[in-house]
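Colleague: Got a structure for you, questions after.
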Amino acid sequence: MTQLIRNEWMKIWRRSATIVMVGILALAVAAIGVFTKYQENGLTVPDNEDWKHGIELENKGYKEQLKDENLPEESVNYYKKQIALNEYRIQHNISTNTDYSAWDFISDSSQLISLAALFTIIIAAGIVANEFTWGTIKLLLIRPISRTKILLSKYITIILFGLFLLMVLFFVSFLLGAVLFGLPKESYPYLAYSNGTVKEINMIVHLMADYGFNSISMLMLTTMAFMISTVFRNSSLAIGVSIFLMFMGSTATMLLASRFEWAKYILFANTDLLRYFDGVPMVSGMTLTFSVVMLILYFCLFHFLAFFVFNKRDVAA
Amino acid sequence: MSVVEIKNVSKIINGKRIIDSLSFNVEEGEVFGFLGPNGAGKTTTIRMIVGLIDISDGDIYICQQSVKKNFEKAVQHIGAIVENPEMYKFLSGYHNLLHYARMTKGVTKEKIMEVVELVGLTDRIYDKVRTYSLGMRQRLGLAQSLLHDPKVLILDEPTNGLDPAGIREIRDHLRMLARDRKMAVIVSSHLLSEMEMMCDRIGIIQGGKLVDVQLVKDFVGTSEKIYALEVNKKEHGLEIIREKFPQSQAVINHLHIEGTFSKEEIPAIVRMLVEADINIYSIKEISKTLEDRFLEVTGREEQ
């Protein structure tokens with residue numbers, strides 16, 4: 001199995017397109033970094049001695065707003081969250097006077113996960129379909145290895161490739177952030193709010209979790225691209241459908257969710273698990289457990305289709 | 001010993017019998033030619049042997065292992081090129097071989113280099129396959145199929161698109177592998193003259209059925225041969241020959257008189273023609289080729 005994965009890894013990295021992808025990803029991080037740095041010079045954080053007074057005033061304002069009975073639920077939740085966070089800061093003496101640091105930069109560049117997802121989808125879409133296009137599938141399948149193992153090794157390689165891109169993103173952001181903005185002078189925790197309580201979380205743990213949750217839709221879309229690639233032997237189709245859904249999927253689901261209850265069964269209603277920690281679910285009544293179960297069901301469905309078709313297929317072309 | 005046993009194999013696609021109860025064996029150390037017109041089912045049969053296509057009915061045994069039930073055990077004895085040897089063009093020849101070597105247990109780096117040496121690619125093995133000529137790709141394909149010392153070598157149309165030198169090279173390799181390494185070699189082709197030079201035994205397939213299996217020697221050679229005589233008075237000559245040798249089925253074909261004679265009859269014919277004052281410009285032996293036999297056999301089936 002390791003040998004098969006080494007093969008797939010070699011076939012990915014010996015193509016210049018892959019190197020270009022990593023280059024683009026690193027360049028994108030650099031672009032965000034330079035842009036932020038340039039902007040930051042305009043708005044230096046004032047060394048506000050009186051920060052406690054500031055956020056007390058803020059809370060007063062929020063509470064006024066909350067008295068409005070016509071306020072939408074989302075805003076109510078947002079204000080309640082801000083009030084709770086501010087009160088926690090006052091109680092535990094956690095200053096708001098933090099400079100923009102490498103940590104913030106890593107958090108900001110997590111937007112680029114969608115770029116990493118894009119590249120992973122492209123690789124996933126090609127990993128089976130290309131073997132058919134190149135005609136190499138024939139020499140690949142006449143080895144004393146079951147087709148299931150061959151397909152599994154390809155999927156594992158895709159996952160490793162995705163993880164690799166995420167790590168590149170994380171570490172390039174960290175290094176670049178450290179150079180451009182410096183590390184924070186004293187470590188400060190991230191404050192997380194859920195179900196009315198505030199918790200302190202170690203910054204690195206928070207960032208990892210942030211990346212992890214953001215990667216769920218990447219994992220699902222990659223798995224889908226892999227399935228389409230295997231079933232239809234067509235990498236363009238796999239790339240097209242997956243990327244279209246990546247950009248349009250959640251918007252379309254949102255529209256459907258406002259009208260129909262069944263929208264909660266759509267894949268994209270469930271990919272953003274952070275909603276259950278830091279926001280509201282897409283359709284009311286949805287729970288974390290529900291979404292996780294749905295994700296697992298979709299994951300299994302994609303794999304069942306891919307493995308079933310790959311094992312049954314007559315390689316005639 | 002039969003290394004490959006094909007037993008009553010059928011392939012049904014969309015209710016149509018593409019291959020119909022095919023049975024034949026291939027022995028150790030023999031080159032078996034698989035011959036048939038386009039669409040007869042050569043490639044389908046070969047793909048069933050290597051497990052690329054499901055076997056609808058019957059079974060195939062490689063060294064007593066069933067391809068249907070025990071694919072991995074059976075296929076480990078097979079090395080194959082199915083149609084053109086498609087390689088990863090962006091990898092070097094060496095990395096292509098390394099790729100396939102990793103997929104079979106116990107193929108060492110030394111073994112890879114040994115095979116490279118055998119097919120004569122040592123100089124170019126670290127170049128990208130993109131830069132290879134068709135002949136070199138064919139040799140790399142052969143190298144790929146020999147990595148694990150298979151007992152059976154299967155080549156689908158191995159000489160397709162090769163120049164005469166390349167064809168000759170492949171032919172010599174196959175003969176050597178069958179003779180020195182006791183491999184059973186299965187070659188499919190529609191190039192009849194090639195098969196004649198390459199194979200020990202030939203199976204003719206048509207319409208998904210095996211029409212005939214014969215040794216090449218029996219298939220081609222008989223003691224009587226066809227001779228073509230170039231003379232100046234063809235009609236007169238033909239008359240004389242027909243009179244004396246009615247069984248020769250002599251006819252006029254373009255510029256020649258053609259007929260079936262034994263070697264011993266030739267001097268008598270010459271004497272007769274000279275006495276009749278007919279000038280003889282040449283006498284040629286036309287060996288009956290595999291092609292003629294092939295057309296005879298497949299043509300007979302059609303009628």
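Colleague: Averaged across B:94-102, how many Cβ atoms of other chains sit within 10 Å of each residue's Cβ atom?
Modeller: Mean partner shielding for this stretch: 4.
Colleague: Which entries of B:K42/B:K105; B:K151/B:K263; B:K11/B:K128 show an alpha-carbon separation above 32 angstrom in the structure shown?
Modeller: Details: B:K42/B:K105 30 Å; B:K151/B:K263 43 Å; B:K11/B:K128 38 Å.
Table pairs above 32 Å Cα-Cα are B:K151/B:K263; B:K11/B:K128.
Colleague: Looking at the square roots a ≥ b ≥ c of the eigenvalues of the Cα gyration tensor of chain B, which shape do they give, rounded for a/c under 1.5, prolate if a/b is larger than b/c, or oblate?
Modeller: It is prolate, given that a/c is not under 1.5 and a/b is the larger ratio.
Colleague: Averaged per residue, what accessible area in Å² does chain B show with a 1.4 Å probe, protein chains only?
Modeller: Here the residues of chain B average 47 Å² of exposed surface.
Colleague: Report the one residue of A:T2, B:V119, A:I228 whose Cα lies farthest in the direction of the positive end of the charge dipole of the protein assembly as shown (charges on C-beta: Lys and Arg +1, Asp and Glu -1; origin at the Cα centre).
Modeller: Positive-most Cα among the choices belongs to A:T2.
Colleague: Find which of A:N311, A:L219, A:I122 sits farthest along the positive direction of the dipole of the protein assembly as shown, computed with +1 on the beta-carbon of Lys and Arg, -1 on that of Asp and Glu, about the Cα centre.
Modeller: Sorting the options by dipole projection puts first A:N311.
Colleague: With charges set only on the Cβ (+1 for Lys and Arg, -1 for Asp and Glu), what does the dipole of the protein assembly as shown come to about its Cα centre, in debye to the nearest 20?
Modeller: Approximately 800 debye in magnitude.
Colleague: Another one. Could you work out the local net charge near B:E27, counting Lys and Arg as +1, Asp and Glu as -1, over the other residues with Cβ closer than 15 Å to its Cβ?
Modeller: +1
Colleague: Normalise the Debye intensity by I(0) for the range B:80-218, one equal point scatterer per Cα, no solvent, then take log10 at q = 0.09, 0.20 Å⁻¹ and round to two decimals.
Modeller: Values returned for q = 0.09, 0.20 Å⁻¹ are -0.28, -1.22.
Colleague: Another question, if that's okay. Against the empirical 2.2 N^0.38 Å scaling, what ratio does the C-alpha Rg of the range B:233-278 come to?
Modeller: Cα Rg divided by the expected 2.2 N^0.38 Å: 1.03.
Colleague: Of the accessible area of the range A:239-297, with the probe set at 1.4 angstrom, what percent is carbon plus sulfur?
Modeller: Carbon and sulfur atoms account for 72 percent of the accessible area of the range A:239-297.
Colleague: With axes computed from alpha carbons, what is the tilt in degrees of helix B:134-146 against the longest principal axis of chain B, rounded to the nearest 10 within 0 to 90?
Modeller: Its long axis makes an angle of about 60 degrees.
Colleague: Let me ask something else. Gaussian network model of chain A, Cα springs within a sub-10 Å range: biggest mean-square fluctuation belongs to which of A:V29, A:V128, A:V283?
Modeller: A:V283
Colleague: Additional query: Mind jotting down the three principal axis lengths of the range B:60-133 based on Cα atoms? Whole angstrom, largest first.
Modeller: 40, 26, 18
Colleague: When the C-alpha atoms of the protein assembly as shown are aligned to their principal axes, what extent does each axis show, in angstrom, from largest down?
Modeller: 136, 51, 45
Colleague: Separate question: State the antiparallel share, in %, of DSSP beta bridges confined to the protein assembly as shown, rounding to the nearest 5.
Modeller: 70 percent
Colleague: Going highest first, how would you order A:220-232, A:145-157 by mean Cβ packing within 10 Å?
Modeller: By packing density, highest mean first, the sequence is A:220-232, A:145-157.
Colleague: Compare the Cα positions of B:V129, B:Q144, B:H95 along the charge dipole of the range B:94-163 (+1 at Cβ of Lys, Arg; -1 at Cβ of Asp, Glu; about the Cα centre) and return the one farthest towards the positive end.
Modeller: Going by the Cα projections, it comes out as B:H95.
Colleague: Given a cut-off of under 8 Å on Cα pairs at least six residues apart, what relative contact order in percent is computed for chain A?
Modeller: In percent, rounded to a whole number, it is 23.
Colleague: Let me spell out the model: positive unit charges on the Cβ of Lys and Arg, negative unit charges on the Cβ of Asp and Glu, origin at the Cα centre of the range B:83-171. What dipole size does that give, in debye rounded to 20?
Modeller: Roughly 260 debye, rounded to the nearest 20.
Colleague: Still on this structure: Placing unit charges on C-beta atoms (Lys and Arg positive, Asp and Glu negative, everything else neutral), compute the dipole magnitude of chain B about its Cα centre in debye, rounded to 20.
Modeller: Details: 40 positive and 44 negative charges, 250 e Å.
So the magnitude is around 1200 debye.
Colleague: Further, regarding this structure: Please report, in Å, the Rg and the Dmax of the range A:133-196, where both are computed over Cα atoms only.
Modeller: Cα-based Rg and Dmax for the range A:133-196 come out at 21.8, 60 Å.
Colleague: Stokes-Einstein diffusion coefficient for the range A:205-317 at 37 °C in a medium of 0.692 mPa s, Rh from the Kirkwood formula over Cα pairs: what value in µm²/s?
Modeller: Calculated translational D: 215 µm²/s.
Colleague: Shielding by partners for B:53-60, please: the mean number of other protein chain Cβ atoms within 10 Å of each residue's Cβ.
Modeller: Other-chain Cβ atoms within 10 Å of each residue's Cβ, averaged: 1.
Colleague: Can you give the angle from 0 to 90° between the axis of helix B:290-302 and the longest principal axis of chain B, with both taken from C-alpha atoms, to the nearest 10?
Modeller: 90 degrees
Colleague: Against the longest alpha carbon principal axis of chain A, how many degrees, from 0 to 90 and to the nearest 10, is the axis of helix A:16-40 turned?
Modeller: The helix A:16-40 is inclined about 10 degrees to chain A.
Colleague: Moving to a separate point now. Please compute the contact order of the range B:46-169 in relative form: average sequence separation of alpha-carbon pairs under 8 Å and at least six residues apart, divided by the residue count, as a percent. All intermediate terms of the calculation are to be shown ahead of the outcome.
Modeller: Values: 166 pairs, mean separation 38.7, N = 124.
Relative contact order comes out at 31 percent.
Colleague: Residues of A:139-152, mean number of Cβ from any other protein chain within 10 Å of their own Cβ, rounded to a whole number?
Modeller: 6
Colleague: Rounded, prolate or oblate: which fits the range B:1-89, taking a ≥ b ≥ c as square roots of the Cα gyration tensor eigenvalues, rounded meaning a/c under 1.5, else prolate when a/b beats b/c?
Modeller: Because its axes are fairly even, with a/c under 1.5, the range B:1-89 counts as rounded.
Colleague: Compute the distribution of all C-alpha to C-alpha distances in the range A:87-171, in bins of 5 Å from 0, and list the percent of pairs in each, rounded to whole numbers.
Modeller: 3, 11, 15, 14, 11, 10, 9, 7, 5, 5, 3, 3, 3, 1
Colleague: A 32 angstrom limit on the alpha carbon distance is what I want to check against. Which of B:K68/B:K209; B:K16/B:K69; A:K37/A:K67; B:K89/B:K111 exceed it?
Modeller: Violating the 32 Å Cα-Cα cut-off are A:K37/A:K67.
Colleague: Step by step: find N for chain A, compute 2.2 N^0.38 Å, then divide the Cα radius of gyration by it. What's the final number?
Modeller: 1.19
Colleague: If you don't mind, there's one more thing I want to ask. Given contacts defined as C-alpha pairs under 8 Å and at least six residues apart, what's the relative contact order of the range A:209-300, whole-number percent?
Modeller: 27 percent
Colleague: Apply the a/c threshold of 1.5 to the C-alpha gyration tensor of the range B:51-102 and tell me whether it is rounded, prolate or oblate.
Modeller: Numbers: a/c = 3.47, a/b = 2.13, b/c = 1.63.
Since a/c reaches 1.5 and a/b is larger than b/c, the shape of the range B:51-102 is classed as prolate.
The values are calculated or read from the model by the stated rules, or taken from the named source; none is laboratory data. Note that the structure is predicted; figures quoted are calculated from it, not measured. When we count neighbours, we look across all protein chains shown, and the Cβ atoms used for this are built from the backbone with ideal geometry, even at glycine. Keep in mind that these areas ignore ligands, DNA and RNA; they rest on the heavy atoms of the full protein, side chains included. Shrake-Rupley method; radii C 1.70, N 1.55, O 1.52, S 1.80 Å.
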